[in-house]
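The values are calculated or read from the model by the stated rules, or taken from the named source; none is laboratory data. Only a predicted model underlies this, so the values are computations on that prediction, with no experimental measurement involved. Glycine gets a Cβ as well: all are built from the backbone with ideal geometry, and neighbour counts include every protein chain shown.
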Amino acid sequence: MKWHLVFTLGSLLLLQPFASTWAQLELGAGHVRASLPGVDSSAAYLSLTNPGDLEVTITAITAPGAGSVTLHHSMNHNGMVHMMQMSSLPVPAHQQVKLEPNGTHIMLEKLVQPLRAGAQQLLVLHYADGRQQELTLPVLSVLEE
């Protein structure tokens, strides 16, 4: 009986250094922009902090009511702003990534219905290791941003 207890405690102590690899991202204040009349897309902004010891990579995002959700990065090229789609978003260990207007952001496209100020929008982050993390963001009008 004592050997079993010692082995179990020893196993837990050996696995303890790997606990930080399972840390989820800390999600900072954010919002989804209310849709403009006649436009079937919107954008979401927030900050993502990785408290863990290993990089966490977002490989996909899903949202009810959106036909597609993609990551984009805005770039200014010769005075013209261009959006480049990103296949993934790495969040380095012990660092923060900000998703913001005119930078990296989440695009919600092919909206089933307009996103109205005052509503809430569920987003699901899908990680490279297969885990998922849900978050709900308020929908704000451009004037409230």
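Some observations on this one:
For every residue, the table says whether it meets (1) in contact with a helix residue (DSSP H, G or I) (Cβ under 8 Å, 6 or more places away or on another chain); (2) under 21 Å from L140 (Cβ atoms); (3) modelled with pLDDT under 85.
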site: F7; (1), (2), (3): no, no, yes
site: L12; (1), (2), (3): no, no, yes
site: N50; (1), (2), (3): no, no, no
site: V56; (1), (2), (3): no, no, no
site: M83; (1), (2), (3): no, yes, no
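- Strands (runs of 3 or more DSSP E) completely within segment 90-145 that count 2 or more residues being in contact with a Lys or Arg (Cβ under 8 Å, 6 or more places away or on another chain) and either surrounded by 13 or more Cβ atoms within 10 Å (Cβ to Cβ) or modelled with pLDDT under 95 (or both): 132-140
- Within segment 81-98, the presence of at least one residue that is over 22 Å from E144 (Cα atoms), of a type in the set (G, A, S) and touching an Asp or Glu at 6+ places or on another chain (Cβ under 8 Å) is confirmed.
- Neighbours by Cβ (under 8 Å, 6+ apart or cross-chain): first from segment 68-90, touching a residue at least 40 places away in the same chain (Cβ under 8 Å) and closer than 21 Å to D40 by Cβ; second outside any loop (DSSP other than H, G, I, E, B) and of a type in the set (G, A, S): V69/A60
- Residues located in segment 36-67, provided they are among the small types (G, A, S), out of contact with any Ser or Thr (no Cβ under 9 Å at 6 or more places or on another chain) and touching a residue at least 12 places away in the same chain (Cβ under 8 Å): A43, A44, S47, A63, G65, G67
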